[in-house]
1. In the list Leu100, Leu115, which residue meets the criterion of being among the aliphatic types (A, V, I, L, M) and out of contact with any Cys (no Cβ under 9 Å at 6 or more places or on another chain)?
2. Mind listing just one residue for me: the one in segment 105-129 that is in a strand (DSSP E or B) and of a type in the set (A, V, I, L, M) and, of those, nearest to Tyr38 (Cα to Cα)?
3. Please pick out the residue among Asp121, Asp110 that is among the charged types (D, E, K, R) and either at pLDDT 90 or above or within 24 Å of Asn46 (Cβ to Cβ) (or both).
4. Go over the candidates Glu132, Glu137, Glu102 one by one and state the one that is within 20 Å of Ser41 (Cβ to Cβ), free of Cβ contacts under 8 Å to residues at least 12 places away in the same chain and part of a helix (DSSP H, G or I).
5. Test Lys177 against the stated conditions and say whether it is among the basic types (Lys, Arg) and closer than 21 Å to Ala119 by Cα.
6. Just to be sure, is Gly149 part of a loop (DSSP other than H, G, I, E, B) and in contact (Cβ under 8 Å) with a residue 40 or more places away in the chain?
7. Looking at Leu115, Leu90, Leu96 in this structure, which one is of a type in the set (A, V, I, L, M) and surrounded by fewer than 18 Cβ atoms within 10 Å (Cβ to Cβ)?
8. What tally of residues in segment 108-142 results from selecting those that are farther than 23 Å from Glu85 by Cβ and of a type in the set (Gly, Ala, Ser)?
Amino acid sequence: MTEPKKARLVAETMEKCPTLMGEGFDPGKAQTVVCRLYGISRVLENLKNGITLVHGPKGCANYLQTEALCINRKLGPILSTDVQERDIILGTEGRLEKALRETIEIYHPDVITVLTTCATDIIAEDTARVVEKLREEFGTKIFLKSGGGFVAAYDQGYFDGYEILVNGIMEKPKSRKKDHVNLI
């Protein structure tokens, strides 16, 4: 397709669907944004005795693990609740509870980060209730974040990951030194 023809097609599409296309739409990049769970997992992947549990289809967790292997990064386990189509219809809370129990009993992690995916975010179940129940029962630090790509992209995931680090994992300083700053 010639450049003038491509430009005309994009202009016509934007004219017909301005809310879908939005300002700054670039058809060459529209489908290349990585999910938010990627950014969160990248920040938290090196936590000592920490585990990421992807609450969604196993392909989402597999993507994170495969991507890490391709660039030679060493990760702790990235687990999945392996949500299936029937679970989306009948409910995923039981699957999440079972996976969290198994994760705690097998790995004894200090920290678990549960990342929901597009599939589990769309059905809007009370995953927070499940996480809170097991957090209290086992005394394990369990964090829950939406990793759905339709909510935000990987760059927002980096901020979410650092929020967990700073507000949930790092100890508050016992004293402060004047004119000093901690860099993360």
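1. On the way: Leu115 fails: out of contact with any Cys (no Cβ under 9 Å at 6 or more places or on another chain).
Among Leu100, Leu115, only Leu100 is among the aliphatic types (A, V, I, L, M) and out of contact with any Cys (no Cβ under 9 Å at 6 or more places or on another chain).
2. Step one: list which residues in segment 105-129 are in a strand (DSSP E or B), which gives 111-116.
Retained after the next criterion (residues that are of a type in the set (A, V, I, L, M)): 111-112, 114-115.
On the way: Val111: 18, Ile112: 16, Val114: 13, Leu115: 10 Å.
Looking at residues that are in a strand (DSSP E or B) and of a type in the set (A, V, I, L, M), I get Leu115.
3. On the way: Asp121 fails: either at pLDDT 90 or above or within 24 Å of Asn46 (Cβ to Cβ) (or both).
Among Asp121, Asp110, only Asp110 is among the charged types (D, E, K, R) and either at pLDDT 90 or above or within 24 Å of Asn46 (Cβ to Cβ) (or both).
4. Numbers: Glu132 fails: within 20 Å of Ser41 (Cβ to Cβ); Glu137 fails: within 20 Å of Ser41 (Cβ to Cβ).
Just a single option satisfies the conditions, and that option is Glu102.
5. In short, no.
6. Details: part of a loop (DSSP other than H, G, I, E, B): yes; in contact (Cβ under 8 Å) with a residue 40 or more places away in the chain: yes.
So Gly149 passes the test.
7. Numbers: Leu115 fails: surrounded by fewer than 18 Cβ atoms within 10 Å (Cβ to Cβ); Leu96 fails: surrounded by fewer than 18 Cβ atoms within 10 Å (Cβ to Cβ).
One residue alone meets the criteria, Leu90.
8. Within segment 108-142, residues that are farther than 23 Å from Glu85 by Cβ and of a type in the set (Gly, Ala, Ser) number 2.
The values are calculated or read from the model by the stated rules, or taken from the named source; none is laboratory data. What you see is a predicted model; the values in this text were computed from it and never measured. Virtual Cβ from ideal backbone geometry, glycine too; neighbours counted across all protein chains shown.
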